[in-house]
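Take a look at the structure set out below.
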Amino acid sequence: MRDVWNTAALARMDKAHLWHPFTPMLDWCAEDHQPLVLVRGEGAWLEDSEGRRYLDGNSSIWTNIHGHNHPAITRAIREQLDRVAHVSFLGATNPPAIALADRLVSHFPPDTLTRVFLSDDGSTAVEAAMRMAIQFRQLQGEPTRTGFIAFENAYHGDTLGAASIGGIGAFHRPVAGHTFPVTRITDPDDLGPMNHVTAVVIEPLIQGAAGMRPWPPGLLRRLREKCDAAGVFLILDEVMTGFGRTGTLFACEQENVVPDFLCLAKGLTGGTLPLAATLTTEHVFRAFLGPFEAGRTFYYGHSYSGNPLGCAAAVASFDIFRDERVLESLPPKISRLRDLLASLSSLPFVHETRQCGLIAGIEVRRPDGSPFPWHERTGHAICLAARRHGLLTRPVLDTIVFMPPLCTSEEELDFGIAAIAAAIGDTLPAC
Ligand SMILES: *Cc1c(COP(=O)(O)O)cnc(C)c1O
């Protein structure tokens, strides 16, 4: 039997009590705004409370990997739910977390990333890496070596520590003065003196929230070499790029780089439950070992660390990668997307298209190449128009993000890009 939803009542109650993330709430609560109420998902598709279907063009904010309601993940969660939903990871362990750590670690060369610290979100995965990188230096007798170098326009999450290393002014302006100082660079050749630096942090291969901006090939490799030469840690934030999004399971593989800290979240559970992992080396881990009274313990954690439901989902997601040969299925999709983006490039107002694997950004500007005034929210208007053509996504300013789940077929890629083309035509009629 189909569920029946009272969309108007849901909208009224939402507007009365909820506060949505990254959302201008005056517009949201306006009388004539009808919030999108999502009620079901199947594969790359989502359905709203009125029975309309949409291609999930941004993988539900970059999280979904194998499609919605994948039977193998759903089954794994159900089976774990029948045992226990949550137990503490502080001083106890659980089988799904143990299995997950084994799967994560076994993906990397032996004696590289061997330790897994579990938390809840991308921001906390980054926070944990930063805290480890700071405390490590203290434990090694270098208490002033606690600085970070990060990149302009980087995005690493919204908790204050993660926001401190972020470089997107509009997000962090309200807390400016409450974050800690960080050296921000645009090019790895500008690293400067590093004797006060514990770690360099980067989103490998492509910056996400900056507007889907790929790095020049070789940059990551070069950064790794410079960090090694200076004895500085390399923290890779693969919260967006992890789990096949760039064509390989992790983006760093494409430049043969293994970081000192690897931060994972969004796609870790296939996009079903909040869970994050910070991977590090035995070298880092060993510094935290000592008799209790030596005070070397890593005092950091969250109530839901190691949540068994999330870990069971993540293990099931690894099984799907293996059983459905997901990575092997990607090259034709990635080249189809490349062709589709090339066809978009010739449209009026399409200033540039950018791609890394199954991640794409389509930037619109005025015909003379100048940006639209930011307050006109052109990208936002295009995404609203795309909805009428059956595609859900969100922009970064005037860059339309297209990064559907990895299970999306070539025909569905065609559909998604056609919807974006139509939406640009609807929003910006050629004069
Ligand atoms: C989304 C994102 C984060 C933050 O993850 P949350 O789960 O939203 O806290 C961090 N880094 C990158 C690269 C991201 O895309």
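The values are calculated or read from the model by the stated rules, or taken from the named source; none is laboratory data. The structure presented is a predicted model; accordingly, all values stated were derived computationally and were not measured. We place every Cβ from the backbone using ideal geometry, glycine too, and count neighbours over all the protein chains shown. Please note that ligands, DNA and RNA were not included when accessible areas were found on the heavy atoms of the full protein model with its side chains. Shrake-Rupley method; radii C 1.70, N 1.55, O 1.52, S 1.80 Å.
Residues in the stretch 247-261 that are surrounded by 23 or more Cβ atoms within 10 Å (Cβ to Cβ) and more than 12 Å from the ligand (Cβ to nearest atom): Phe250, Cys252, Pro259, Asp260, Phe261.
Across the stretch 106-156, the qualifying residues are those that are more than 30 Å from Ile168 (Cβ to Cβ) and out of contact with any strand residue (DSSP E or B) (no Cβ under 9 Å at 6 or more places or on another chain), and the one among them that is farthest from the ligand (Cβ to nearest atom) is Gly141. Among the residues making up the stretch 185-235, those that are within 16 Å of the ligand (Cβ to nearest atom) and touching a Lys or Arg at 6+ places or on another chain (Cβ under 7 Å) are Ile206, Gln207, Met212, Arg213, Pro214, Leu234. Scanning the stretch 401-431 for residues that are open to solvent by 10 Å² or more (accessible area, probe 1.4 Å), among the hydrophobic types (A, V, I, L, M, F, W, C) and part of a helix (DSSP H, G or I) gives Phe415, Ala418, Ala421, Ala422. Report whether or not Gly166 is open to solvent by less than 10 Å² (accessible area, probe 1.4 Å) and at pLDDT below 95. Yes, satisfied. Could you please give the count of residues in the stretch 280-305 that are more than 13 Å from Ser119 (Cα to Cα) and in contact with a Phe, Trp or Tyr (Cβ under 8 Å, 6 or more places away or on another chain)? Here the count works out to 7.
With (1) surrounded by 20 or more Cβ atoms within 10 Å (Cβ to Cβ); (2) within 16 Å of the ligand (Cβ to nearest atom) as the list, and His302 as the residue in question, which single condition is left unmet? Tallying (1) surrounded by 20 or more Cβ atoms within 10 Å (Cβ to Cβ); (2) within 16 Å of the ligand (Cβ to nearest atom), His302 fails exactly one: (1).
Taken as a whole, the condition of being surrounded by fewer than 17 Cβ atoms within 10 Å (Cβ to Cβ), of a type outside the set (Phe, Trp, Tyr) and not assigned by TED's automatic domain parsing to the domain that holds Ile359 applies to Arg221. If you scan the stretch 262-283, which residues turn out to be within 10 Å of the ligand (Cβ to nearest atom) and surrounded by fewer than 24 Cβ atoms within 10 Å (Cβ to Cβ)? The answer is Pro274, and nothing else. Meeting the requirement of 1 or more residues that are open to solvent by 40 Å² or more (accessible area, probe 1.4 Å) and closer than 16 Å to Ala314 by Cβ, the helices (runs of 4 or more DSSP H) wholly within the stretch 1-98 are 71-83.
Within the stretch 26-70, which residues are of a type in the set (A, V, I, L, M) and within 20 Å of the chain's Cα centre (by Cα)? Those that are of a type in the set (A, V, I, L, M) and within 20 Å of the chain's Cα centre (by Cα): Ala44, Leu46, Leu55, Ile61, Ile65.
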